[in-house]
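Structure, as structure tokens:
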Amino acid sequence: MTALPLVFDAPRRGMPPRHLADLTRDEARAAVAELGQPAFRADQLARHFYRGVTDPAQMTDVPAAAREALAEALLPGLLTPVRHLSADGGRTRKTLWRLHDGALVESVLMRYPDRATVCISSQAGCGMACPFCATGQGGLTRNLSAAEIIGQAVAAAAAMASGEIPGGPGRLSNVVFMGMGEPLANYARVRTTLRALLATAPYGLGLSQRAVTLSTVGLVPAIRRLTEEGMAVTLAVSLHAPDDELRDSLVPINTRWKVDEVVAAADAYAERTGRRYSVEYALIRDVNDQPERADLLGKLLAGKLAHVNLIPLNPTPGSPWDASPLPAQREFVARLRAAGVATTVRDTRGQDIDGACGQLAASDRVDGVPSLALPTPAMPTPTAEPPVPLGSETDGPGLEGTA
Ligand code: SAH
């Protein structure tokens with residue numbers, strides 16, 4: 001008989017352990033039954049998880065003898081808060097999370113008078129390489145599991161409910177996939193997440209479809225696949241340029257799927273769901289903010305079920321680019337509106353804590369100085385799930401034969 005070899009290398013970076021939130025209700029019940037417990041305990045665990053209860057001792061409806069084993073098997077702690085950074089008098093709060101393998105991601109909770117929105121990450125890093133985005137410049141570390149994505153929303157819901165965000169106890173009303181990562185490149189897990197956000201208790205957060213926004217660079221086959229899912233969440237498309245020549249460099253996936261194809265896919269989504277989609281456009285000084293481009297964008301979108309959301313560029317470290325000055329922003333808005341296109345300018349909440357759009361880098365920085373305590377993890381070595389930006393064969397958006 002040979003002894004097991006000693007292993008000195010750390011295990012290769014991979015997905016976290018299974019969690020109840022990765023499973024359907026039937027799968028969760030089967031998993032509980034396998035542990036020798038009645039299936040309804042799965043519902044009890046789900047209720048605790050979605051209410052943000054993490055301590056098994058508080059799960060008093062589950063017999064004490066079974067709590068630890070059930071929680072260990074189905075509710076492993078996947079997200080460890082490393083740090084909260086607050087702005088706007090505490091009403092904007094960015095959380096840096098450490099995952100089981102040391103990977104870091106961020107989420108941002110923003111409380112407004114009439115709603116509370118959490119911006120969540122779907123990947124650690126991002127493979128889409130947009131040159132103006134801090135996440136894109138850092139590359140892709142790995143996909144998040146559904147439970148890791150859902151956990152960010154659950155934590156935000158719990159923070160709102162507990163009253164720890166100024167303004168008294170409240171309810172999380174909105175979720176936007178505008179944190180780190182390209183959600184449609186992690187398709188299957190993001191779909192599981194969407195279902196959980198929309199599902200009612202005990203297996204979800206019970207949000208309304210219109211209160212959930214999925215933002216994408218424009219992975220056309222995945223947008224088409226989402227169109228068939230029968231979920232009418234709000235779709236946001238990161239366009240950033242109305243012409244292929246410029247978009248090829250600002251949103252490199254455009255070399256694969258062109259402006260017209262992306263807009264056509266979004267139109268089909270709007271037609272199927274009846275929901276207006278939003279076109280994200282970061283206004284970058286002298287890069288994409290010219291009056292001619294406003295007119296081109298107006299022409300592209302006139303008469304469509306679309307709404308333009310302009311985002312004055314949030315500066316990222318090392319980038320030469322800068323936000324468009326106010327007069328250029330105003331001119332851009334005026335031209336789009338003149339073309340009959342609904343247009344708003346997004347506020348830049350959380351900019352001072354690097355918590356605004358495109359600023360999430362999840363490096364463990366304090367006042368801009370990298371901390372040695374928790375180095376940002378290195379890129380993974382390829383595993384069964386290679387870190388390709390378009391998703392693996394099993395969970396990707398089905399890109400084969402669509403080029
Ligand atoms: N990968 C997805 C979602 C993440 S980013 C996507 O690209 O849509 C959310 C939004 O922030 C996107 O519209 C993105 O283009 C935009 N963004 C990225 N970097 C930015 C920056 N530096 N300033 C303003 N917006 C930025």
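The values are calculated or read from the model by the stated rules, or taken from the named source; none is laboratory data. Given the structure is predicted, the values throughout are model-derived calculations rather than measurements. With ideal geometry, Cβ positions are generated from the backbone for all residues, glycine too; neighbour counts draw on all protein chains shown.
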field: Check on TYR203, touching a Gly at 6+ places or on another chain (Cβ under 6 Å) and surrounded by 16 or more Cβ atoms within 10 Å (Cβ to Cβ)
entry: no
field: In segment 235-256, residue modelled with the highest pLDDT [restricted to those that are buried (at least 22 other Cβ atoms within 10 Å of the Cβ) and farther than 19 Å from ASP289 by Cα]
entry: LEU235
message: If I filter segment 93-102 for residues that are modelled with pLDDT under 95 and either touching a Pro at 6+ places or on another chain (Cβ under 6 Å) or not assigned by TED's automatic domain parsing to the domain that holds VAL212 (or both), do I get at least one hit?
response: yes
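A quick yes/no check of all residues on (1) modelled with pLDDT under 90; (2) within 20 Å of PHE132 (Cα to Cα); (3) assigned to a loop (DSSP other than H, G, I, E, B):
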{"residue": "PRO315", "(1), (2), (3)": "yes, yes, yes"}
{"residue": "TRP321", "(1), (2), (3)": "no, yes, yes"}
{"residue": "GLU331", "(1), (2), (3)": "no, no, no"}
{"residue": "LEU360", "(1), (2), (3)": "yes, yes, yes"}
task: Collect the residues in segment 251-264 that are in contact (Cβ under 8 Å) with a residue 40 or more places away in the chain, in a helix (DSSP H, G or I) and within 14 Å of the ligand (Cβ to nearest atom), keeping them in residue-number order.
output: PRO252, ILE253, VAL262
- prompt: Among the residues of segment 72-79, is any in a helix (DSSP H, G or I) and over 17 Å from THR192 (Cα atoms)?
  reply: yes
- request: Tell me which of these VAL175 doesn't satisfy, since it passes every other one: (1) in contact (Cβ under 8 Å) with a residue 12 or more places away in the chain; (2) farther than 23 Å from ARG346 by Cα; (3) among the β-branched types (Val, Ile, Thr).
  value: (2)
query: Taking ALA157, is it in contact with a Gly (Cβ under 9 Å, 6 or more places away or on another chain) and farther than 14 Å from PRO16 by Cβ?
result: yes
message: Restricting to segment 160-171, give me the number of residues that are touching a helix residue (DSSP H, G or I) at 6+ places or on another chain (Cβ under 7 Å) and within 26 Å of LEU23 (Cβ to Cβ).
response: 1
